[in-house]
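Notes follow the structure.
The values are calculated or read from the model by the stated rules, or taken from the named source; none is laboratory data. Just so you know, these numbers come straight off a predicted model, no measurement behind them. For neighbour counting, all protein chains shown are included, and Cβ atoms are generated from backbone atoms with ideal geometry for every residue, glycine included. These area figures cover heavy atoms from the full protein model, side chains too; ligands, DNA and RNA do not enter into them. Shrake-Rupley method; radii C 1.70, N 1.55, O 1.52, S 1.80 Å.
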Amino acid sequence: MSFLGLYEKYKKLCPTYILYLGCLVTAFAIKLFYTNADSFSLQFILAPVTRLVEVFTGTLYHFVQERGYMSSDVTVEIGPSCAGINFLVILFCAFSFSFIKEFNGIIKVLAAVLFLILSYIITIIVNTFRIVAAINFTVYNDAYLKIDKEDFHKILGTLVYFFFLVLFYMAISRLVIFLKTRKSRGMPKTTL
């Protein structure tokens with residue numbers, strides 16, 4: 001390949017790499033924020049998760065500054081370690097680094113922002129599922145499995161996060177493929 005060919009390829013890919021760098025900086029900034037955050041700072045994610053857990057379990061929670069949200073019977077705590085920030089960062093990076101290259105122009109930037117927002121929403125949903133499952137399966141673990149509570153909580157969390165990471169990655173992958181094939185066929189856009 002000639003120098004001119006390499007230059008053209010670099011010129012075409014440069015905005016994508018700059019956007020990748022922006023996504024990486026965003027991921028590191030979220031992680032840095034999380035390492036220094038307390039339960040009050042994580043309200044943006046703990047509050048919606050707790051409200052959904054209340055809906056699905058019927059148990060009321062109240063906020064305790066030093067701990068996070070405590071159930072009314074003080075048996076369940078939804079604190080900073082339950083925020084799911086690591087899952088959010090992994091999901092955002094998986095979406096961004098896998099699919100941004102499939103878009104062109106300013107749509108790449110919009111896709112990155114959309115992936116961050118989508119990762120936040122999915123994290124709230126998955127975290128709610130994980131906490132509700134942990135609450136419900138703890139009784140089963142105590143009666144039959146007898147795994148240490150902390151270990152059981154980690155195993156369940158890992159399985160839930162892995163399952164939903166793969167599920168949503170496959171769903172976004174299919175959506176991107178659908179959008180690309182639709183665009184390449186020149187199909188008319190539908191209006192609602």
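Some points to look at:
- Residue match in the range 160-168 (condition: touching a Phe, Trp or Tyr at 6+ places or on another chain (Cβ under 6 Å), surrounded by 11 or more Cβ atoms within 10 Å (Cβ to Cβ) and without any contact (Cβ under 8 Å) to a residue 60 or more places away in the chain): no
- Here the condition is being under 30 Å from residue 182 (Cβ atoms), hydroxyl-bearing (Ser, Thr, Tyr) and open to solvent by less than 80 Å² (accessible area, probe 1.4 Å); of 59, 138, 123, it holds for 123 alone.
- Search result, residues across the range 36-56 that are more than 18 Å from the chain's Cα centre (by Cα), aromatic (Phe, Trp, Tyr) and part of a helix (DSSP H, G or I): 56
- In summary, residue 130 fulfils each of the numbered conditions (1) open to solvent by less than 30 Å² (accessible area, probe 1.4 Å); (2) in a loop (DSSP other than H, G, I, E, B) with the single exception of condition (2).
- Test result for residue 144, open to solvent by 100 Å² or more (accessible area, probe 1.4 Å) and either farther than 21 Å from residue 56 by Cα or in a helix (DSSP H, G or I) (or both): yes
- Residues of the range 32-56 that are within 15 Å of residue 83 (Cα to Cα) and open to solvent by 70 Å² or more (accessible area, probe 1.4 Å): 32, 33, 35, 36, 40, 44, 51.
- Test: residue in the range 170-183 that is surrounded by 15 or more Cβ atoms within 10 Å (Cβ to Cβ), of a type outside the set (Gly, Ala, Ser) and at pLDDT 90 or above: yes
- Long-range neighbours under 8 Å by Cβ, at least six apart or interchain, first residue under 14 Å from residue 170 (Cα atoms) within the range 94-106, second surrounded by fewer than 17 Cβ atoms within 10 Å (Cβ to Cβ) and at pLDDT 95 or above: 94/165; 94/169; 95/118; 95/169; 98/169; 98/173; 99/173
- Scanning the range 144-154 for residues being over 10 Å from residue 134 (Cα atoms) and within 23 Å of the chain's Cα centre (by Cα) gives a total of 2.
- Selected residue [at pLDDT 95 or above and among the β-branched types (Val, Ile, Thr)] from 125, 155, 106, 147: 125
- Number of residues in the range 64-85 that are touching a residue at least 12 places away in the same chain (Cβ under 8 Å) and under 24 Å from residue 122 (Cβ atoms): the value is 10.
- Residues in the range 94-113 that are surrounded by 14 or more Cβ atoms within 10 Å (Cβ to Cβ) and either touching a Lys or Arg at 6+ places or on another chain (Cβ under 9 Å) or over 21 Å from residue 49 (Cβ atoms) (or both): 96, 97, 98, 99, 100, 101, 102, 103, 108, 109, 111, 112.
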